[in-house]
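Inspection log for the structure reproduced underneath, given as structure tokens.
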Amino acid sequence: MDQHKIQTQEEQDVATLSDEGCRLVLYNDDVHSFDYVIKALVDICRHSLDQAEQCTILVHCRGKCAVKNGSYEELLPMHTAMLNKQLTTEIVK
């Protein structure tokens with residue numbers, strides 16, 4: 001019986017780890033200013049100013065950047081808020 005409990009806990013731990021393996025990816029556009037995107041990252045994703053600036057530069061140069069990691073449930077409200085600001089984001093595993 002204890003073996004079953006251990007196996008079940010291990011399965012839950014693996015499910016939790018895989019669920020936390022999501023990323024919020026921000027894509028480049030030709031519409032929004034650097035300042036607008038930086039402010040959104042600070043306000044929505046709780047980035048520091050330096051972190052938001054670095055992500056914005058990466059988005060500009062590479063076309064996209066993973067701006068936040070976490071579980072799907074953690075990232076969904078951020079994704080929705082970014083979409084509400086007309087920024088293109090996607091949650092990927």
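The values are calculated or read from the model by the stated rules, or taken from the named source; none is laboratory data. All values derive from a computational prediction rather than experimental measurement. Don't worry about glycine lacking a Cβ; one is built from the backbone with ideal geometry, like all the others, and counts go over all protein chains shown. Side chains are part of the model used for accessible areas, which takes the heavy atoms of the whole protein and leaves out ligands, DNA and RNA. Shrake-Rupley method; radii C 1.70, N 1.55, O 1.52, S 1.80 Å.
Tabulated values for the structure
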| read-out | value |
| --- | --- |
| Estimated inter-spin distance, GLN51 and TYR72, nm [label 7 Å along Cα→Cβ] | 2.4 |
| Label point distance in nm, LYS85-ARG23, each placed 7 Å from Cα along Cα→Cβ | 2.0 |
| Placed amide H near THR88: partners under 5 Å, 5+ positions off or other chain | TYR27 |
| Accessible-area order (highest first, 1.4 angstrom probe) of the listed residues ARG46, ARG23 | ARG46, ARG23 |
| Ranked order, VAL25, VAL31 - accessible area, probe 1.4 Å, largest first | VAL31, VAL25 |
| Candidate residues THR80, THR89: accessible-area rank, largest first, probe 1.4 Å | THR80, THR89 |
| HN-Hα J in Hz across segment 82-87 - Karplus 6.51, -1.76, 1.60, θ = phi - 60°, x for Gly and Pro | 5, 4, 5, 8, 6, 9 |
| For LYS68, residues with placed amide H under 5 Å, excluding near neighbours | LEU24 |
